[in-house]
Amino acid sequence: MTTKQQILSQVKEYIQQNIPLVQNDKILVGLSGGADSVALLSILKELGYCCFAAHCHFGLRGEESDRDRNFAKQIATKLGVPYIEVKFDTLRYAAEKKISVEMACRELRYEWFETQRVALGCRYLAVAHHRGDSVETVLINLIRGTGISGLTGISSLNGAVIRPILGLSREDVENYIALSSLSYVIDSSNKESVYVRNKIRNRILPLMKEINPSVYEAIEATAVHLSETELIYREALNKKIESMVDIRDEVVYINLQKLTSETAVRTILYEILKPYGFLTSQLNDIISSFSEESGKRFFSLTHRIIKDRDKLIVAPLGKEDNFLIYYPAEEMLRAEYISVEELPPFTRDKSCAYFDADKLPQNLILRHWRMGDRFLPFGMKGTQKLSDYFTTHKFSLIQKERIWLLVAGEEILWLVGERQSDKYKVTPSTQRVVKFTIKQR
């Protein structure tokens with residue numbers, strides 16, 4: 001059986017190799033009261049670090065949550081470590097943010113930890129992930145779908161967050177607790193296979209262990225190998241991305257000729273778009289748009305992609321279009337001249353618009369709207385701000401982003417598929433009519 005001193009030496013060596021800690025660094029330690037966090041706090045204290053214990057009360061398990069809070073305070077006192085705590089209304093936060101309870105706990109916890117870390121002058125926040133947690137994370141990411149970075153496990157250092165006992169196994173943690181005569185509390189929800197991580201821990205990994213008793217070690221070794229592989233992958237990938245991507249004022253321009261000349265188009269595009277919230281499931285449709293006409297658009301929660309001839313443009317939603325894209329009208333619209341007699345008496349078909357051909361300006365183009373645009377809606381006498389029109393007609397942000405304008409210079413003739421200008425409408429004196437119809441794609 002591993003001795004207590006061997007475990008301490010193992011953690012000390014892990015810190016020296018993976019975390020730039022110095023002996024006089026102050027550390028805020030997340031203390032739930034469970035075995036992992038108790039072991040973490042005790043080990044750091046034994047190694048001579050100045051620690052502060054921080055406990056989060058999420059109010060999700062009634063008396064059990066109160067028990068955990070009381071125990072955390074007691075164990076911190078026993079170890080001679082200053083203690084702070086906070087209580088959250090987790091369910092209300094989750095409902096307001098429209099996120100899962102699991103995600104709410106994570107957001108609340110890390111936001112409070114960071115505030116307290118800074119206030120106490122701590123260099124790092126230490127959390128109690130061990131080797132088993134890293135293995136579980138690899139499997140979670142594999143199941144959900146991920147790039148290579150998601151298969152490298154949990155990092156020992158991420159900004160101000162450190163994981164000093166990541167090199168220990170669950171058995172090592174339990175041995176340390178026993179050898180140190182420490183007690184801890186058990187979260188009953190860990191035994192319930194409700195959350196994804198618990199399902200993997202309680203159901204999937206035991207089955208995998210039947211196939212390979214050393215499955216933890218095998219997955220960890222693979223994650224380490226992939227971490228090293230990722231370094232090479234990132235270096236090569238960044239060079240390729242740099243050659244085909246131009247970023248100006250938060251707008252990303254992707255050169256399609258250079259992108260499509262690569263053998264791994266999908267992988268490269270995935271890496272370019274990942275920071276902007278686009279889903280893996282959208283990639284095939286985006287790639288299919290490369291061979292289609294300009295104007296195809298895709299949306300994430302924060303950004304949109306516009307396919308523009310030989311490039312993809314990625315821009316934040318709601319950002320003023322100082323990168324306006326213009327298309328000749330004929331790329332999207334079909335124009336035909338008809339006689340006044342052929343003009344239908346009334347139509348609700350918004351896919352077409354009729355104008356007095358002899359009054360219509362030349363050099364018509366299509367573009368998206370921008371702040372300050374005004375037009376004269378059909379049936380009205382005065383001009384109106386396009387932004388006001390959108391508000392009155394309850395346009396969503398995505399609807400505003402998607403609408404095209406048929407313009408001549410700065411003058412708007414038609415909100416394509418919505419409403420045309422009154423200025424060039426057909427009147428009793430009209431001799432010739434031009435009909436614009438949206439081309440089917």
Condition first: over 20 Å from Arg131 (Cβ atoms), surrounded by fewer than 21 Cβ atoms within 10 Å (Cβ to Cβ), out of contact with any Leu (no Cβ under 8 Å at 6 or more places or on another chain) and not hydroxyl-bearing (Ser, Thr, Tyr). Can you find one or more residues in the stretch 6-21 that meet it?
no
Would you tally the residues in the stretch 224-247 being more than 16 Å from Gly145 (Cα to Cα), touching a residue at least 40 places away in the same chain (Cβ under 8 Å) and either charged (D, E, K, R) or buried (at least 16 other Cβ atoms within 10 Å of the Cβ) (or both)?
2
Subset of the stretch 148-159, residues surrounded by fewer than 15 Cβ atoms within 10 Å (Cβ to Cβ) and part of a loop (DSSP other than H, G, I, E, B), comes to Gly159
Select the helices (runs of 4 or more DSSP H) contained entirely in the stretch 233-314, then report the ones holding at least 1 residues which are under 23 Å from Gln399 (Cα atoms).
265-273, 283-288
Could you tell me whether Ile403 is closer than 29 Å to Val340 by Cβ and not polar (S, T, N, Q)?
no
For the condition under 19 Å from Ala128 (Cα atoms) and over 29 Å from the mean Cα position of the chain (by Cα), what is the one hit in Asn158, Asn175?
Asn175
So which residues in the stretch 108-150 are of a type outside the set (D, E, K, R) and either in contact with a His (Cβ under 7 Å, 6 or more places away or on another chain) or closer than 16 Å to Ile204 by Cβ (or both), if there are any at all?
Gly132, Ser134, Val135, Thr137, Val138, Leu139, Ile140, Asn141, Leu142, Ile143
Qualifying residues in the stretch 420-441 (those that are assigned to a strand (DSSP E or B) and out of contact with any helix residue (DSSP H, G or I) (no Cβ under 8 Å at 6 or more places or on another chain)) - the one surrounded by the most Cβ atoms within 10 Å (Cβ to Cβ):
Gln420
Kindly establish whether Leu405 is free of Cβ contacts under 8 Å to residues at least 40 places away in the same chain, closer than 30 Å to Phe298 by Cα, surrounded by 16 or more Cβ atoms within 10 Å (Cβ to Cβ) and not assigned by TED's automatic domain parsing to the domain that holds Phe298.
yes
With (1) without any contact (Cβ under 8 Å) to a residue 40 or more places away in the chain; (2) of a type in the set (A, V, I, L, M); (3) in contact with a Lys or Arg (Cβ under 9 Å, 6 or more places away or on another chain); (4) closer than 30 Å to Ile403 by Cβ as the list, and Leu256 as the residue in question, which single condition is left unmet?
(1)
Test set (1) assigned to a helix (DSSP H, G or I); (2) closer than 30 Å to Pro206 by Cα - Glu96 fails condition number:
(2)
From Gly372, Gly417, Gly379, which residue is exposed (fewer than 13 other Cβ atoms within 10 Å of the Cβ), in a loop (DSSP other than H, G, I, E, B), in contact (Cβ under 8 Å) with a residue 24 or more places away in the chain and not assigned by TED's automatic domain parsing to the domain that holds Leu301?
Gly379
Residue by residue through the stretch 22-57, note down the ones that are aromatic (Phe, Trp, Tyr) and either outside any strand (DSSP E or B) or closer than 18 Å to Cys105 by Cβ (or both).
Tyr49
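This table checks each residue for (1) among the β-branched types (Val, Ile, Thr); (2) within 30 Å of Val135 (Cα to Cα); (3) surrounded by 14 or more Cβ atoms within 10 Å (Cβ to Cβ); (4) touching a residue at least 60 places away in the same chain (Cβ under 8 Å).
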| position | (1), (2), (3), (4) |
| --- | --- |
| Lys209 | no, yes, no, no |
| Ser214 | no, yes, no, no |
| Val251 | yes, no, yes, yes |
| Leu269 | no, yes, yes, no |
| Ile306 | yes, no, yes, no |
When you check Thr115 against the structure, is it assigned to a helix (DSSP H, G or I), of a type in the set (S, T, N, Q) and either crowded, with 16+ Cβ neighbours inside 10 Å or touching a residue at least 12 places away in the same chain (Cβ under 8 Å) (or both), yes or no?
no
Yes/no for Val22 being over 24 Å from Glu171 (Cα atoms) and aliphatic (A, V, I, L, M):
yes
Test Phe390 against the stated conditions and say whether it is outside the structural domain of Leu301 (by TED's automatic domain parsing), modelled with pLDDT under 90, surrounded by 13 or more Cβ atoms within 10 Å (Cβ to Cβ) and among the hydrophobic types (A, V, I, L, M, F, W, C).
yes
Which is farther than 30 Å from Val215 by Cα and within 33 Å of the chain's Cα centre (by Cα), of Tyr83, Tyr124, Tyr49?
Tyr124
Under 7 Å by Cβ, and 6 or more places apart or on different chains, what pairs join a residue from the stretch 88-99 that is among the polar types (S, T, N, Q) with one that is in a loop (DSSP other than H, G, I, E, B)?
Thr90/Phe58; Thr90/Gly59; Thr90/Leu60
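The values are calculated or read from the model by the stated rules, or taken from the named source; none is laboratory data. The structure displayed is predicted, hence computed values, not measured ones. Here the Cβ is made from the backbone with ideal geometry for all residues, glycine too, and neighbour counts use every protein chain on show.
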